[in-house]
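Asks: The structure under discussion is supplied below as structure tokens; questions concerning it will follow.
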Amino acid sequence: MATSMEHEIERYLLGDPLEASKVIASEINKSNAKFISFIESLEASLTNTDNVTRGRATHMIGDVVEMLPPSFLSQEQGDMVTKFLLAKLKDHHSVQPHALQSLAVLTSRCSPLGDETAKDICLTIFREVQNQTLSHADRGATYRVLQNLLGASTQALSDLGGDFVIGFIQQMDAEKDPRNLLICFNCAQFICSNFSLGPFTEEMFEILGCYFPVDFVPPPNNPHGITKEELVIALRKCFGATPQFAEYSIPLLLEKMTSDLQSARLDSFFTLAECAPVYGMNGLTRFLGSINSTAKREVLMNISSALVEAANNAVTEVYKAVVSPTTQTNKSISDVSENIVELYQDVGKFLEGTDLKKSCLAFSLCRAVASSSTFAMGIMLPLVLPSLISCCHKHTQVSEQLAFVKELNRFLSVIYDHKGNTGVLAPLQLLMKSACAVFEQLLKLTSSDLQREAIKGLRLVSTPRITTDEEQVQSLLHLLIIKSLAVQSSDLRSEVLSSLRVILEEEPKLSEQAIKSLIEQTDQDNFLLASDALVYTVVNTKSFTEVNNFFLKTMSENILALAEKSGNLLSCARAMKQLLLQISKTEIFAQVETSTALPLISLSIQASEQWTEESSKTCQALMSCFRDAFSVFGQFMAKSDVTSFWDKMALLFLEGEIQNHDFTENLKNIQPLQSESPWQQTRLVALMEGLVISANIQALVERREQFFETAYVLALQSQDEFTHLSACKCVAAIMNKAPIGSQIQWFLEPIVDKLKRALASENTLPGRLRAVQLWLWLTKAMECRGHSATTILSSHLISLLDDPDLGPEVGRRLSMVVEDMDDIFSAQNHSIITPLYKQRFFSLNLKALVNGYENAVSKEVKQNYLLAVSGIVSRLPLQVTKPHLNQLMPLLMLALKDSKNPNLGAILSTLSVAGASAPQTVTSNMDSLVPQLLDLSIRSGDMKVRIAALECLEQLTGLSSHVLVPHQTKVVRELKQALDDKKRLVRRQAAETRSAWILLQPETKS
């Protein structure tokens, strides 16, 4: 072994270090004792008179240790090697770097070295190594040694006291390399946080402070990955490592806050905000005046919103730190109070000045102080609020009123966030009444923005966190109820209803009164608004029961008087869905099966006896609402509850037995899944659809196969379009969620065979079209889950484009395979979604579509293929279609000529994006594209298509001038007609597009 070891050592020294180190490390790894043999074999090289040989041999120790497992060497072996390497630090200066590199490896790979060894390493480095004379890599080795020892031998280094601190300072002095600085900053933070700096506190800060603010700019491509942000954060942590830095740090930060560089000022405010909690009252109090004046200057200058926000945040953190409960004394409290009052006096002239912007900025600075603590809030608010309320009263312009009322609401939010304090709030009650008067006055104005802010303000003022006046809360509740029945604006209505909910959540006892008032209003032509508002009054089980029962009772009554009250019926159904969504993640939802789900089934069956041909559309709308409600049940009910509910529904729908359910109404038996049943009954399948598409398939166990087969037959045979579509979705959802394995094949194989027979030409056209629809849904379901059968399904679907009867329908609907359908196929609905399934479908079928178009025997069949291609391409991101644009462009250009193509707008949007992302492809088709776009922008009967064509023309102006100039005159001339379009939006876009073409300039040679 000795001969082999010597051979590898010689190989290393001759210039093959990597392989030699691997071989030696592999041998040593077999037996720990061989490490000593390795060191002994190195003796000749380590004592060689040649400095280069000694250096390489010393470096070899580190290379071999690095390839050994961590902690492979015992502590005794580590100490022995360390002593030898420390001796090498005293060797020739060319050997010293190699010893440092090996020490860096040894201290990171060995188990903790002995305490005395760790001390010897540090003291020897401090004594022997002139770090500033070394290369950046060797300096880095020094810092890594110290970093490793700080982590492994903290107590031993701490025992060195000031010797270690001053030694580290001397080693770090004048370091400039960012890689090394990152290590130095991490070490400095650890030292300052865990060691006593003693008399060297100022020296430590000076060695760190010279780097502030960091102005590092990474080199191109940033090969080492060091960013300015990393250095900034590391240095900031050093500043905040010890409260002893406060007396040195804050003057430096204050100085940099007046720098001409915005980045320096921003960094200073961020650093002060982070250090303030560490410095505390003792470190900050004497600088409060200077901090106030500097922050005031920055805020009022308003050079950038980021600086204003940073300055305000720093002020908040400073005042939060100086009134910490653990450090408060009478004198400190007095000093803080004086500084808060002085700050208010300094900005007082701006608060009610004529400059609106400066007034708002001054209020924001005062708010920053107030938000720091309850104590600061108690001093600042009585000073500021009278001025702010006065500003709200005396200004009459909407923009000014809006600015000040927003500031007032922000101050009220400060009170709200501090959760109230009796001692602080008592003196503010008169001001709160004045604020209420402001808000009530604003509610009388016509501006919806002002009314929205007024509602928000009244909500804040009336919360129990701010007021104990029950009459005020009652008054606000009454006002909100009135507003909820009168306001039509969506934004204002949202604020009203959310405020109503917040008030009732904090005062649940008032919900009964609110529900009663709103129910009374449902009889006075306010049913839609009142039912919508009732949803927001549900804050507990009791209020849910009241509102739920009212909705169910109202829907039952409206079903019996269907002709007169269909609008109220639908409003109630939509409100019920919103109510279920609102409580879906609360404890209340546990009772919905008995309180809501079963009664909704009863109502649906009851309604099926009332529907007529005249109320068919109302039936469709109502069953859609109930379907959405049942989707909520499937998504949010517990799995065991879903299973129980499914068992009941499956028994009812498959067997039609009313008697086995807890229905109070005397209902007739039904057969909703039989295709021969009237549409009034078959549309009840929408309830099953809602549950099937949303629930976990594992919860739907009993009778699942039976329901699947019945829904499949219903989808093929039902002549009612609504029933047919619901049944198709049920079949598709079950196929998508079916457990992986033989079961899905058991479902799929017979279906495919039956569908092919149903598609045969000898069948009636309506039946064949229903089979096509079901095939499309199956293809969508299987494509989503990435099943291997999708190739069979999609290829047969594409072949149907050649069918003269079915081709147009397939062409129009094929794009649904790549269309987003989050209401059916989504993770929330427990669907199986394979990533990139759209791209897979497109790439596998594009060739067949293009070949089909080229081989089509008639114009009608070609049109089918164009419809299919344009629909698919328009629903895919450009990144997917871009590689195929050269192949697709001729087809898309032909698709644009079909004025009846439903995908025109989407195709134009795709072409607009392609003009920027794939200019070469668009450029080669300019001669045919521009005339086609001009024709669509002027003669298309669809306003959206005309706008999309104009937008596409405008996007083309980003192409090279030599491509555009030949078309410029024609485009500018013909777009004159679009300027006279009957639609304002078209005229506006035409003006923008024409201007862009007029401003085109020919390219000039430089």
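Asks: Checking the structure you have, find out if any residue of the range 491-506 is more than 26 Å from ALA403 (Cα to Cα) and either free of Cβ contacts under 8 Å to residues at least 12 places away in the same chain or touching a Pro at 6+ places or on another chain (Cβ under 7 Å) (or both).
Replies: yes
Asks: To continue, here is another question. If you take just the helices (runs of 4 or more DSSP H) that sit entirely in the range 336-425, which of them hold at least 2 residues that are modelled with pLDDT of 90 or more?
Replies: Numbers: elements: 356-370, 374-394, 398-417, 422-425.
The helices (runs of 4 or more DSSP H) meeting that bar are 356-370, 374-394, 398-417.
Asks: May I pose another question? What helices (runs of 4 or more DSSP H) lie completely within the range 761-842 and have 2 or more residues being of a type outside the set (Gly, Ala, Ser), at positive phi and modelled with pLDDT under 90?
Replies: Details: elements: 765-785, 790-799, 807-813.
By residue number, no helices (runs of 4 or more DSSP H) qualify.
Asks: Just for the range 961-985: of the residues that are surrounded by fewer than 13 Cβ atoms within 10 Å (Cβ to Cβ) and part of a helix (DSSP H, G or I), which one is nearest to the chain's Cα centre (by Cα)?
Replies: The qualifying residue nearest to the chain's Cα centre (by Cα) is ARG984.
Asks: Additional query: In the range 988-1002, how many are exposed (fewer than 15 other Cβ atoms within 10 Å of the Cβ) and either outside any loop (DSSP other than H, G, I, E, B) or basic (Lys, Arg) (or both)?
Replies: 5
Asks: Now for a different question. Checking PRO808 against (1) out of contact with any Lys or Arg (no Cβ under 8 Å at 6 or more places or on another chain); (2) without any contact (Cβ under 8 Å) to a residue 60 or more places away in the chain; (3) under 20 Å from ARG703 (Cα atoms), only one condition comes out false. Which one?
Replies: Here PRO808 clears every test but (3).
Asks: For the range 609-647, how many residues are farther than 16 Å from LEU570 by Cβ, small (Gly, Ala, Ser) and not in a loop (DSSP other than H, G, I, E, B)? Let's see the steps before the verdict.
Replies: Step one: of the range 609-647, the residues farther than 16 Å from LEU570 by Cβ are 609, 612-613, 630-647.
If we keep only those that are small (Gly, Ala, Ser) as well, we get 631, 634, 638, 640, 644.
Then drop every residue that is not not in a loop (DSSP other than H, G, I, E, B), which leaves 631, 634, 640, 644.
Residues flagged as farther than 16 Å from LEU570 by Cβ, small (Gly, Ala, Ser) and not in a loop (DSSP other than H, G, I, E, B) within the range 609-647 amount to 4.
Asks: Give the residues of the range 876-930 that are touching a Lys or Arg at 6+ places or on another chain (Cβ under 7 Å), modelled with pLDDT under 80 and not in a helix (DSSP H, G or I), sorted by residue number.
Replies: Within the range 876-930, just ALA918 meets the criteria.
Asks: Go through the range 235-256 and give me each residue that's among the aliphatic types (A, V, I, L, M) and more than 13 Å from CYS192 (Cα to Cα). Can you show your working first?
Replies: Narrowing the range 235-256 to residues among the aliphatic types (A, V, I, L, M): 235, 241, 246, 250, 252-254.
Those that are among the aliphatic types (A, V, I, L, M) and more than 13 Å from CYS192 (Cα to Cα): ILE250, LEU252, LEU253, LEU254.
Asks: Among the residues of the range 35-66, write down those that are over 24 Å from GLY114 (Cβ atoms) and not in a helix (DSSP H, G or I).
Replies: Hits for the range 35-66 are THR47, ASN48, THR49, ASP50.
Asks: When the range 164-194 is examined, which residues are found to be in a loop (DSSP other than H, G, I, E, B) and out of contact with any Gly (no Cβ under 8 Å at 6 or more places or on another chain)?
Replies: Matches in the range 164-194: ASP173, ALA174, GLU175, LYS176.
Asks: Testing GLN698 on (1) within 15 Å of THR643 (Cβ to Cβ); (2) in a loop (DSSP other than H, G, I, E, B); (3) among the polar types (S, T, N, Q), one condition comes back false. Which one is that?
Replies: The failed condition is (2).
Asks: Which of the residues spanning the range 504-550 are hydrophobic (A, V, I, L, M, F, W, C) and within 17 Å of ILE583 (Cα to Cα)?
Replies: Those that are hydrophobic (A, V, I, L, M, F, W, C) and within 17 Å of ILE583 (Cα to Cα): LEU504, ILE515, ALA533, LEU534, VAL535, VAL538, VAL539, PHE544, VAL547, PHE550.
Asks: Answer yes or no: is there a residue in the range 479-486 that is part of a helix (DSSP H, G or I), modelled with pLDDT of 85 or more and farther than 24 Å from ASP449 by Cβ.
Replies: Taking every residue of the range 479-486 in turn, none turns out to be part of a helix (DSSP H, G or I), modelled with pLDDT of 85 or more and farther than 24 Å from ASP449 by Cβ.
Asks: Ok, one more. May I ask you to list pairs of residues, at least six apart or on different chains, whose Cβ atoms are under 7 Å apart, with the first in the range 875-899 being within 13 Å of VAL922 (Cα to Cα) and the second being among the small types (Gly, Ala, Ser) and modelled with pLDDT of 85 or more?
Replies: LEU892/SER870; MET893/SER928
Asks: Give VAL850, VAL857, VAL869 a once-over and let me know the one that is buried (at least 19 other Cβ atoms within 10 Å of the Cβ), closer than 19 Å to LEU800 by Cβ and in the same structural domain as ASP805 (by TED's automatic domain parsing).
Replies: Only one candidate qualifies: VAL869.
Asks: Can you tell me which residues in the range 298-310 are in contact (Cβ under 8 Å) with a residue 24 or more places away in the chain and either crowded, with 19+ Cβ neighbours inside 10 Å or closer than 18 Å to ARG367 by Cβ (or both)?
Replies: GLU298, VAL299, LEU300, ASN302, ALA306, LEU307, VAL308, ALA310
Asks: Take LEU100 and tell me if it is touching a Cys at 6+ places or on another chain (Cβ under 8 Å), surrounded by 19 or more Cβ atoms within 10 Å (Cβ to Cβ) and not aromatic (Phe, Trp, Tyr).
Replies: Against the criterion (touching a Cys at 6+ places or on another chain (Cβ under 8 Å), surrounded by 19 or more Cβ atoms within 10 Å (Cβ to Cβ) and not aromatic (Phe, Trp, Tyr)), LEU100 does not qualify.
Asks: Quick one: is LEU684 under 25 Å from VAL592 (Cα atoms), at pLDDT 90 or above and in contact with a helix residue (DSSP H, G or I) (Cβ under 8 Å, 6 or more places away or on another chain)?
Replies: So LEU684 fits the description; yes.
Asks: Right, another one. Could you list, in sequence order, the residues of the range 851-862 that are among the aliphatic types (A, V, I, L, M), touching a Phe, Trp or Tyr at 6+ places or on another chain (Cβ under 8 Å) and part of a helix (DSSP H, G or I)?
Replies: none
Asks: How about the range 311-324: which of its residues are in a helix (DSSP H, G or I) and surrounded by fewer than 24 Cβ atoms within 10 Å (Cβ to Cβ)? Break it down into steps so the answer makes sense when it comes.
Replies: To start, the set of residues in the range 311-324 that are in a helix (DSSP H, G or I) comprises 311-322.
Answer for the range 311-324, where residues must be in a helix (DSSP H, G or I) and surrounded by fewer than 24 Cβ atoms within 10 Å (Cβ to Cβ): ASN312, ASN313, THR316, GLU317, LYS320, ALA321.
Asks: Continuing with this model, one more query. Here is a list of conditions, (1) in a helix (DSSP H, G or I); (2) without any contact (Cβ under 8 Å) to a residue 40 or more places away in the chain, and GLU453 meets all of them except one; can you say which number that is?
Replies: (2)
The values are calculated or read from the model by the stated rules, or taken from the named source; none is laboratory data. These figures come from a predicted structure and were not determined experimentally. Heads up, the Cβs are rebuilt from the backbone with ideal geometry, glycines too, and the neighbour counts pull from every protein chain shown.
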